[in-house]
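J.: There's a structure below that I have some questions on.
Every number in this text was worked out from the coordinates using simple rules, so none of it is lab data. Predicted model only: the values in this text are computed from it and were never measured. A quick note on method: Cβ atoms are made from the backbone with ideal geometry, for glycine too, and the neighbour counts reach across all protein chains shown.
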Amino acid sequence: MRRFFYVFSFLVVSFSAWSQSPFIPLNADYYHLIDRLEIRQGRWADGFHSSVKPYNRQSVVQLTDSLLAAPGRDFSDTDYFNLSYLRDDSWEWVPSKADSLRPDPFTKHLLPAPGPGDSEKPFLKVFYRKKADFYSLQTPDVDLHVSPVIYFGIGAEQVSGQGEANTSSSHYPFVNTRGLEVRGTIGKKLGFYTFFADNQAVYPQYVNDYAQLYRRPISGVGFAPGEGFAKPFRQNGTDFLTARGYFTLNILKIINLQFGHDRNFFGNGFRSLLLSDNSAPYLFLKLTTRLGKKIQYTNLFTELQNTQDVKVGSSLFTQKFAAMHHLSVNITPQINLGVFEAEVFSRDRLDLNYLNPIIFYRFVESYRGSADNAMIGLDFKATLFTHFLFYSQFLLDEFLLKDLTGGKGAWTNKFAFQAGVKYIDVLDVPNLDVQAELNLARPYTYSHLTTPFVTAGQANYAHYSQPMTHPLGANFVEGLGIVRYQRKRLYANGIFGLMSFGADPPGRNYGGNILLNYDSRVRDEGNFIGQGRRTLVTYADLRASYMIRHNVFLEGRFLYRFKDSQYRPDSYIDNVASFALRWNLPYRNWVF
């Protein structure tokens, strides 16, 4: 381990000679603006492979540069607005054209030269000199961006049809978040990012029901979806801290290193069945190697927390590890294929065998004689006619050919599948975009066994007791439809879902909850998607947002969710209306 640390330190110190940009935080609304530019371009971006998220800021600015140089189809006013928005948000990477923007050579000394992202009305001549940053500093040695983070939302909830008595109740969910976001570079060589926020929230009824699967059954411990440790707040709320941070640099011209505490995402859909941002942030080391524009190879090494294991006194949570490879190849400028591999393993220390970035993990597992959790996957995407993106994913959690082809519903027949399409500027209506997506996962996918040598939760594909892919875990099929429309600062968004899954009666494991030991399965054969208590969820989330200034949104939302369960006491209708102020924070879509 000491030798490995010395080699790592030598690479960091010796080869950090190329400029490096921080990454844009994961944000479904923001990333849709970037992805639609790539679709509109009709070929893949030069600076990044969009199946691997997040993207770095410099590459996104390069994408806007290429579109402005060769727009293809005519831009709408909203397209120009979005291009300016993305460039203002990463203004430090926008080439300066100050000299060409000055009115004439005889008066240029009287007026300051406008620069990228300049604000028309700075506050006290110090704050908001740039549209995107509350405070910014740029010198030859340091580039610094500091912004506040605020989210305050309040709503009214009506839950009806609960239980056999068909009762109803009213609640008042809210979210209160205050924090700070800092990013920048040192000498244009070392990029860094940090985020911290304090949160209190009261969630809608369906989120509290979801928490029953994943909350640790210990007094004084709460639950927040997509977050780590949480404490109870008031009667039915939760109180938690959010923190993320990393540094990034290029250790070679073609190899980027990122180390820190954050989330990652592999895929092109609303969901990912390989790795999503559903769970809490985690510690990771990521190496991204780019071989020209056609090949990008990503190595992701993570330390995860197993909160299923019983924590005794002041002991630490039990740690586990995951190592992942993702190879993305642009077969043509319009067709991309990705290969994914992951291994979740449990040791008392990091197993150096899995640090090999160019080896087949299944071999390492056999070589070590371990019972680690191995998964392989494929992802595919194609863009057509500057309007369409077709995408899919396939993940295989077991490979027993006789069970896969036997047609007997063997429990080892564990896989997940996704297929989707994005259609931008529908019927040539500017900035009207639709998306359709199908996701499914067989029972017991992502779960693993517990033995006398492997404690509960040490090899399942979960972090902080939450799935690292789809929030429904496994044993489900889901259809989603998303409609987006934008008119400059006004955004309208609708998410419509139909989800069918099998819930577990007490003491039974039908394969939906990936935290359970798959050795407790109900049967070896005859398994099918939706087994258990049949549950159908109909979901509609309507949201309208208005950006009153850069990254400051006022938004209203209405949610309708109908859960129809074979077990009648679990059936109910949930209606939520809410209003919020959101500043420098993404909107989180809790669709489950």
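J.: Using r as the Cβ-Cβ distance of PHE579 and THR139, and R0 as 51 Å, what FRET efficiency do you calculate, to the nearest 0.05?
T.: Efficiency at R0 = 51 Å is approximately 0.80.
J.: Mind checking the full-extension length gain between LEU536 and TYR560? Use 0.36 nm per residue of separation minus the Cα-Cα distance, one decimal, nm.
T.: Length difference between fully extended and current span is 7.3 nm.
J.: I would also like to ask the following. Please determine, in degrees from 0 to 90 and to the nearest 10, the orientation of helix 205-214 with respect to the longest principal axis defined by the Cα atoms of the chain, where the helix direction is its Cα long axis.
T.: Roughly 70 degrees, rounded to the nearest 10.
J.: Hey, another quick one. Taking the simple approach of a point 7 Å from Cα along Cα-to-Cβ for both TYR546 and ALA382, what is their distance in nm?
T.: Once both label points are built, they end up 4.4 nm from each other.
J.: Starting from 0.36 nm per residue, how many nanometres of slack lie between SER96 and PHE229 once their C-alpha separation is accounted for?
T.: Answer, rounded to one decimal: 43.5 nm.
J.: Another question, if that's okay. Ignoring GluC sites (Glu not before Pro) that are buried or in helix or strand per DSSP, and keeping those with at most 13 other beta carbon atoms within 10 Å, what is the longest stretch of the chain between them?
T.: With GluC sites (Glu not before Pro) excluded where exposed in loops, the chain gives 165-524 as its longest stretch.
J.: Sum up the charges of everything whose Cβ sits under 13 Å from the Cβ of SER21, counting Lys and Arg as +1 and Asp and Glu as -1, but leave SER21 out.
T.: +1
J.: While we're here: Per DSSP H run of n ≥ 4, the term is -39500 (n - 2.57); total these for the chain, divide by its residue number, and report the mean residue ellipticity at 222 nm rounded to 500 deg cm²/dmol.
T.: Roughly -4000 deg cm²/dmol at 222 nm, from the helical runs in the chain.
J.: Using a Förster distance of 30 angstrom, determine the FRET efficiency expected from the C-beta separation of ILE150 and LYS125, and round it to 0.05.
T.: 0.80
J.: How far, in nm, would the chain grow between ALA28 and LEU327 when pulled straight, counting 0.36 nm per residue and subtracting the alpha carbon separation?
T.: Extending this stretch completely gives an extra 105.3 nm.
J.: Return the distance in nm (one decimal) between the two label points of a simple spin-label model at LYS189 and ALA436, each offset 7 Å from Cα along Cα→Cβ.
T.: With each label placed 7 Å out from Cα toward Cβ, I get 5.3 nm.
J.: On C-alpha positions alone, give me the angle between the axis of helix 57-69 and the longest principal axis of the chain, in degrees, nearest 10.
T.: The angle comes out at about 60 degrees.
J.: Report D for the stretch 143-257 in µm² per second (integer): Stokes-Einstein, Kirkwood Rh on Cα pairs, 4 °C, 1.567 mPa s.
T.: 76
J.: Along the Cα-to-Cβ line of ARG508, 7 Å from the Cα, sits a label point; which residues in the stretch 518-556 have backbone N less than 20 Å from it?
T.: 518-537
J.: Would you list which lysines come within 26 Å of LYS231, measuring only between C-alpha atoms, while excluding same-chain residues fewer than 8 positions from it?
T.: Partners found: LYS311, LYS320.
J.: Under 13 Å from the Cβ of ILE254, count the other residues' Cβ atoms, weight Lys and Arg +1, Asp and Glu -1, and hand me the total.
T.: +4
J.: Determine, from the Cβ-Cβ distance of ARG178 and LEU400 and an R0 of 41 Å, the FRET efficiency 1/(1 + (r/R0)^6), rounded to the nearest 0.05.
T.: E between ARG178 and LEU400, to the nearest 0.05, is 0.20.
J.: With Rg/Rh (Cα atoms, Kirkwood Rh) in mind, check (1) 0.96; (2) 1.04; (3) 0.94 and report the label derived from this structure.
T.: (1)
J.: Now for a different question. Between ARG489 and SER160, how many nm apart are label points set 7 Å from Cα along the C-beta direction?
T.: So the label points at ARG489 and SER160 sit 3.7 nm apart.
J.: Here is a further query. For every other residue with a beta carbon closer than 10 angstrom to the beta carbon of ASN475, add +1 if it is Lys or Arg and -1 if Asp or Glu, then tell me the sum.
T.: Around ASN475, the surrounding residues sum to 0.
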